[in-house]
1. Might you check whether a residue that is in contact with a Phe, Trp or Tyr (Cβ under 9 Å, 6 or more places away or on another chain), aliphatic (A, V, I, L, M), assigned by TED's automatic domain parsing to the domain that holds residue 165 and over 28 Å from residue 88 (Cβ atoms) occurs anywhere in region 235-249?
2. Take the conditions without any contact (Cβ under 8 Å) to a residue 40 or more places away in the chain, assigned to a helix (DSSP H, G or I) and not hydrophobic (A, V, I, L, M, F, W, C) and apply them to residue 117. Does it pass?
3. Only one of these conditions is not met by residue 181: (1) modelled with pLDDT of 95 or more; (2) more than 16 Å from the ligand (Cβ to nearest atom); (3) in a loop (DSSP other than H, G, I, E, B). Which number is it?
4. In region 129-163, what residues are away from the ligand (no atom under 16 Å from the Cβ), assigned to a loop (DSSP other than H, G, I, E, B) and touching a residue at least 12 places away in the same chain (Cβ under 8 Å)?
5. Hey, any hits in region 260-274 for a residue that's surrounded by fewer than 24 Cβ atoms within 10 Å (Cβ to Cβ) and not in a helix (DSSP H, G or I)?
6. Residue by residue through region 359-386, note down the ones that are open to solvent by 50 Å² or more (accessible area, probe 1.4 Å) and in a loop (DSSP other than H, G, I, E, B).
7. Any idea which of 356, 435, 389 is of a type outside the set (Lys, Arg), open to solvent by 30 Å² or more (accessible area, probe 1.4 Å) and touching a residue at least 24 places away in the same chain (Cβ under 8 Å)?
8. What's the number of the only condition in (1) of a type in the set (D, E, K, R); (2) open to solvent by 30 Å² or more (accessible area, probe 1.4 Å); (3) within 16 Å of the ligand (Cβ to nearest atom) that residue 342 fails to meet?
Amino acid sequence: MTDHTKITDAWTRLAKLPQTTLSDLFAADGDRVAKMSQRIDADLGELGQLGMLLDWSKTHLDDAALDVFEDLAQTAGFDAARDALFDGGIVNPTEGRPATHGAMRGSGTEADVEEAEALLARMGMLVEAIHEGALGTIKHLIHIGIGGSALGPALAVDALTRDLKLVDVHVVSNIDGLALEQAFAACDPETTLIAVASKTFTTTETMTNANSALKWLADNKVDDPSGRIVALTANPQGAVDFGVDETRILPFPESVGGRYSLWSSIGFPVALAVGMEDFQAMLAGAQAIDTHFRGANGRTNAPLLAAFGDLYYTRIRGCQTRAVFAYDERLALLPDYLQQLEMESNGKSVRADGGPITQPTAPVTWGGVGTDAQHAVFQLLHQGTHLIPVDFIATVAPGDELDPAHHRNLLLNCLAQGAALMAGKQSDDPARNYPGDRPSAMFLLDDIDAATFGAMIAFHEHRTFAAAVLMGINPFDQFGVELGKAMAKSIDSGEGDFDASTLALMAAAGLKV
Ligand code: F6P
């Protein structure tokens, strides 16, 4: 039974701690950098190796705050919740389900891992068959899905195929036909495969786009358009009903949530573009983080420490947003991906036990790429009235082969921003004064290969889960998205009571029935 009084007490203790400036924290502790940073390395044998340095020293977390957060984690039942996550416990109580995305990368119960391996072996066989020409010459893949069925694949393909892609992948999510038309324009129908990615196989956007893609193939006289469809779904019967042959249906378990599904057959476009070996390396990198997350305790547990920081800023410093800037073009889509992961998981105001939450939950996640963002939004970070904790993500090895000046400047700008946010600069001229004491964390990846990428994504999954446990939230449901979907159906059918504004807008948009 969760002891809410003790939890409230921990938050009160945190709120009462003195708020020391970052420069004073550094001045008071010569070991601060060593204490507040951590390397995560793993040798994955034939699948490569991963390495990253995580540095939280430029956040306001100190020993006193971390002591209370560790108490809070204990009181909130973090250890038991973490065990339940990997042991197939019902961590998604509102839907009565476990969350078995970890099993897709080998971290779960024996039965779940065995099932996952069989499903991924099936995907591997199809990927290899396609590479070998079993479906004819396939040069393009239009991957149709939305939310968790699109954001992870889009990010992974963009991050991992800058040097080489075995198949040209276009991810289409929006129901706005312009998105699909753009993909059609870039693909030759004769050599294009369509992946329909939907956990439920009922999502309006995806099914509408899938039908239009089938029509496009037929209009272009492609033989057997349905034979060009691969379905990635937890509802195989839905795919059969849509006309997809069972040999091209790649199922995944219902217990894998949409925004946690990159590791399942939803990752098919990634496997097709980078090959199965790199896909396995991505899984192995993620598993290395699972191993760390399962074995490390308190502040030595990197995703838990990150969650401490997130909650500190949201609940103690009143920060309503957090920003993520990738100083690497390959991770340009990371903020979009994290928005769904964090905001759909933890943007809630009830606890998992149904009780109300009175303190803030997930902040708004936003961000962009450096250095572009420096010339657009960093003004507000340095001198605006919002306190915004920033994550910087950069890579030691350059992704480009141009003059090393490019990468050197990219990195030095990234480091300069963190240093400047913290140090600030006093000036007698108020317009030129930088208050400083603005927090940031640094993720310095050795490289962006499949393994490191997988590790970085799994890190964020566990960070989100850890924050959910500390807040008492179920991070695996998303009922908040349902009302708008139901309203859209009502507007479509014209049935239902609409407010005067919506009625007027329906008329103006030509939607009045
Ligand atoms: O509407 C939200 C949502 O349910 C997400 O959670 C999910 O990732 C997305 O829609 C797509 O759902 P599906 O994979 O079932 O098409």
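The values are calculated or read from the model by the stated rules, or taken from the named source; none is laboratory data. Only a predicted model underlies this, so the values are computations on that prediction, with no experimental measurement involved. Cβ placement follows ideal geometry from the backbone for every residue including glycine, while neighbour counts extend to all protein chains displayed. Note: accessible area is taken over every heavy atom of the protein model, side chains too, but ligands, DNA and RNA are not part of it. Shrake-Rupley method; radii C 1.70, N 1.55, O 1.52, S 1.80 Å.
1. Keep residues of region 235-249 that are in contact with a Phe, Trp or Tyr (Cβ under 9 Å, 6 or more places away or on another chain), which gives 235-239, 241-242.
Now drop any that are not aliphatic (A, V, I, L, M), which leaves 239.
This time we only want the ones that are assigned by TED's automatic domain parsing to the domain that holds residue 165, so: 239.
Add one more test, that the residue is over 28 Å from residue 88 (Cβ atoms), and what stays is none.
No, there is no match, as no residue in region 235-249 is in contact with a Phe, Trp or Tyr (Cβ under 9 Å, 6 or more places away or on another chain), aliphatic (A, V, I, L, M), assigned by TED's automatic domain parsing to the domain that holds residue 165 and over 28 Å from residue 88 (Cβ atoms).
2. On the way: without any contact (Cβ under 8 Å) to a residue 40 or more places away in the chain: yes; assigned to a helix (DSSP H, G or I): yes; not hydrophobic (A, V, I, L, M, F, W, C): yes.
The answer is yes for residue 117.
3. Unmet for residue 181, out of (1) modelled with pLDDT of 95 or more; (2) more than 16 Å from the ligand (Cβ to nearest atom); (3) in a loop (DSSP other than H, G, I, E, B): (3).
4. Taking region 129-163 and keeping what is away from the ligand (no atom under 16 Å from the Cβ), we get 129-141, 157-163.
Then drop every residue that is not assigned to a loop (DSSP other than H, G, I, E, B), which leaves 132-133, 135, 137-139, 161-163.
The answer is 135, 137, 138, 139, 161, 162.
5. Checked against the condition, which is being surrounded by fewer than 24 Cβ atoms within 10 Å (Cβ to Cβ) and not in a helix (DSSP H, G or I), region 260-274 yields no hits at all.
6. Start the filter on region 359-386 by keeping residues that are open to solvent by 50 Å² or more (accessible area, probe 1.4 Å), which leaves 359-360, 364, 366, 372, 375-377, 379-380, 383, 385-386.
Listed by number, the residues that qualify are 359, 360, 376, 377, 385, 386.
7. On the way: 356 fails: touching a residue at least 24 places away in the same chain (Cβ under 8 Å); 389 fails: open to solvent by 30 Å² or more (accessible area, probe 1.4 Å).
435 is the lone residue from the list that is of a type outside the set (Lys, Arg), open to solvent by 30 Å² or more (accessible area, probe 1.4 Å) and touching a residue at least 24 places away in the same chain (Cβ under 8 Å).
8. Every listed condition holds for residue 342 apart from (2).
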